Amino acid sequence: MASFYPGSEDTIAAISTALGEAGIGIIRVSGPDAFDVGNRIFRAGKKARRVDLRAMPTHTIHYGFIVDREETVDEVLLSVFHAPSTYTAEDTIEINCHGGIYAQKRCLEAVLGAGARTARPGEFTERAFLNGRIDLTRAEAVMDVIQAKSRMSLNASLSQLKGSLYEAIFSLRSRMLERAAFLEAALDDPEHYSLDGFSKQLEQESVSWDREISALLHTFENGKLIREGIHTAIIGKPNAGKSSLLNRLAGKELAIVTEIPGTTRDIVSETLRVGDIILNVEDTAGIREAKDLVEQIGVERAIASAEKADLVLCVLDTSIPLDPWDERILGMLEEKKKIILLNKSDLPPVIREEEIRAIAGETVPVLPVSAKDGEGLEELEQLLRDMFYHGEISFNDEVMITNERQKECLERARQSLHLLNEGLLAGMPEDVCAIDLTDAIEHLGEITGQTVREDLFDEIFGKFCMGK
Ligand code: GDP
C-alpha cells in the first residue's frame with residue numbers, strides 16, 4: 001500500500017487484549033514489514049520450521065512458536081491478513097499467545113526486537129482512518145462499542161459503526177457541495193451559467209438543511225444518556241432503604257465501581273442498570289457506608305448532590321410516618337426530574353400518596369417499590385423511558401449524535417447556515433454567501449473527517465485504549 005501520511009512506513013505493534021491473566025492474549029502487528037517481523041520470530045508447526053508468512057494466503061491461522069534469539073518464548077497461533085482487507089488496511093499479523101502478563105509482554109518484546117515499534121493508543125484505528133477504510137464517525141464508534149455498558153448503548157454504537165451517521169452527514173454535505181460547485185461555476189463563467197432564481201432556491205434549501213441538522217442535534221441528549229447513563233442522585237434519610245435499593249439494582253456482578261483516589265474522601269460512583277437503562281449514581285460510598293451520613297452532613301449536602309444530577313430518586317420508608325426531613329426534601333427540587341420511591345411496599349403502609357402529593361405536587365411520579373423483593377422495578381424502568389426517552393425506544397437503526405465533538409461541528413455548521421440564510425434574505429451578493437456555504441460544508445466534513453484537521457487526531461485517537 002502506498003504510504004501517503006507521515007509515519008505510515010513504520011510497522012506498529014501492541015498487546016490488543018487486556019493485560020491480566022486470561023485464556024489468550026493477542027499481539028497485533030500492522031504495517032509494511034508486518035510479515036518480515038513475523039518471519040524473524042515465528043517458527044511453524046511442532047518442528048518449529050522457518051516459513052515465509054508473506055506467501056501464506058490471507059486470513060489463515062498457523063500453529064507454531066515465537067522464538068526470540070534462540071529462546072522459545074511461547075506456543076502460539078499466528079493469523080495472517082494481507083492488505084487491504086484488514087482492520088488497518090495494511091499487512092497485519094495477530095499473534096494469539098497465552099494470556100499471562102509475562103507471556104504477552106515477552107511476545108511483544110520479541111516483536112519489537114524484530115523491527116516493529118510500539119503503537120500509540122488508537123493508532124491501529126487511526127491508520128484505518130488514514131488509509132481510507134473508515135471515516136471519523138466509525139472510528140469514534142469503535143471506542144463506543146468497546147465502552148458500551150448496555151444493549152441500547154451497544155446498538156447505537158454499532159449502528160454508527162455500520163455508517164448510519166456517516167451516510168446522513170455525507171448525503172447532506174454532498175447536496176451542499178453540489179450547490180457550492182454550481183455557484184462557483186456560475187461566478188466564474190456567468191455567460192454559460194445563470195444565477196437567476198438561485199438565491200431564492202438556496203434560501204429555501206438552507207432552511208431545509210438547517211432542519212436536518214436540528215433533527216440530528218435533537219438526538220444528542222438521548223445519545224448522551226444512552227452512552228453515559230443518567231446521572232442520578234439517590235437521597236433519603238437513614239434506613240429508608242437506599243443501600244438495599246442500590247444493591248438490588250446493581251447486583252454484585254453488574255456493578256462497575258470506579259474509585260477516584262486523592263480526594264478527601266473517596267467518591268465512588270456506580271453504574272446501575274434498570275432493564276436497558278443505565279443510571280450513574282455518584283457518592284455511593286456515602287450511601288453504603290456511612291449510615292448516619294445524612295445526619296452528619298445535613299440536608300444541604302443531600303440537596304447539593306441532587307442539584308447536580310439529571311434524576312433524583314427520593315427514597316421514603318412507607319412503613320413509618322413522614323417527618324420534617326422528608327417534608328423538606330419533598331418540597332424542594334421542584335425543577336428536577338425526580339421520582340419518589342415509596343420503599344418497603346411489602347410492609348403495611350403508613351404514608352399515603354395524597355400526603356406526598358400535597359407536599360411534592362400533583363405531577364411528580366410516585367412509585368411503590370420494595371428493595372427487599374424487587375417489586376416496582378419494571379414500573380420504574382417504564383417511568384424512566386417515559387421521562388427520558390419519550391416512551392418506547394429502539395436504537396437499532398436510528399442515526400444518533402453521541403459525542404460533544406460531533407455536536408459542536410453540527411452547531412457550527414448550523415451557525416454558518418444561519419449566516420447564509422440571513423445574507424440571502426438581506427440580498428447579499430452570491431459570492432459573499434458562498435463563504436458561509438463553504439464554512440457549513442467544512443464543519444460537516446470535520447464530523448466524518450472529509451475535512452482534515454491535524455489537531456483532531458490527538459483529540460480523537462488519544463482517548464483510545466492501547467492496541468486498538
Ligand atoms: P439506608 O440507610 O437508606 O441505606 O437503608 P438500608 O438499605 O440500609 O435499609 C435499612 C433497613 O431497611 C435494613 O434493615 C433493610 O433490610 C430494610 N429494608 C430496606 N428495603 C426494604 C424493603 O423493601 N422492605 C423491607 N421490609 N425492608 C427493607
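Is segment 170-177 home to any residue that is in contact (Cβ under 8 Å) with a residue 12 or more places away in the chain, outside the structural domain of D317 (by TED's automatic domain parsing), more than 22 Å from Q406 (Cα to Cα) and away from the ligand (no atom under 16 Å from the Cβ)?
Among the residues of segment 170-177, not one is in contact (Cβ under 8 Å) with a residue 12 or more places away in the chain, outside the structural domain of D317 (by TED's automatic domain parsing), more than 22 Å from Q406 (Cα to Cα) and away from the ligand (no atom under 16 Å from the Cβ), which makes the answer no.
A single member of T118, T86 is of a type in the set (S, T, Y), assigned by TED's automatic domain parsing to the domain that holds P32 and buried (at least 19 other Cβ atoms within 10 Å of the Cβ), and it is T86. State which residue is nearest to L384 (Cα to Cα) when the search covers only segment 128-149 and only residues that are at pLDDT below 90 and surrounded by fewer than 18 Cβ atoms within 10 Å (Cβ to Cβ). Filtering first and then ranking leaves K149.
Considering segment 1-22, the residues that are open to solvent by 10 Å² or more (accessible area, probe 1.4 Å) and among the aliphatic types (A, V, I, L, M) include one that is modelled with the highest pLDDT, namely I15.
Within segment 188-214, the residues that satisfy the criterion of being within 23 Å of Q450 (Cβ to Cβ) and either outside any helix (DSSP H, G or I) or among the aliphatic types (A, V, I, L, M) (or both) are L202, I213.
Tallying residues that are open to solvent by 60 Å² or more (accessible area, probe 1.4 Å) and closer than 30 Å to G374 by Cβ within segment 190-243 yields 5. T125 falls short on exactly one of the conditions (1) surrounded by fewer than 21 Cβ atoms within 10 Å (Cβ to Cβ); (2) in a helix (DSSP H, G or I), and that condition is (1). Please specify each residue of segment 23-36 satisfying the condition of being closer than 14 Å to A55 by Cα and either open to solvent by less than 40 Å² (accessible area, probe 1.4 Å) or in contact with a strand residue (DSSP E or B) (Cβ under 7 Å, 6 or more places away or on another chain) (or both). Selection gives A34, F35. For the subset of segment 346-391 comprising residues that are polar (S, T, N, Q) and surrounded by fewer than 19 Cβ atoms within 10 Å (Cβ to Cβ), which member is farthest from the ligand (Cβ to nearest atom)? Residue satisfying both the conditions and the ranking: T363.
The values are calculated or read from the model by the stated rules, or taken from the named source; none is laboratory data. As the structure is a computational prediction, the values presented were derived from the model and not from experiment. Glycine gets a Cβ as well: all are built from the backbone with ideal geometry, and neighbour counts include every protein chain shown. With ligands, DNA and RNA removed, areas are computed over all heavy atoms of the protein, side chains included. Shrake-Rupley method; radii C 1.70, N 1.55, O 1.52, S 1.80 Å.
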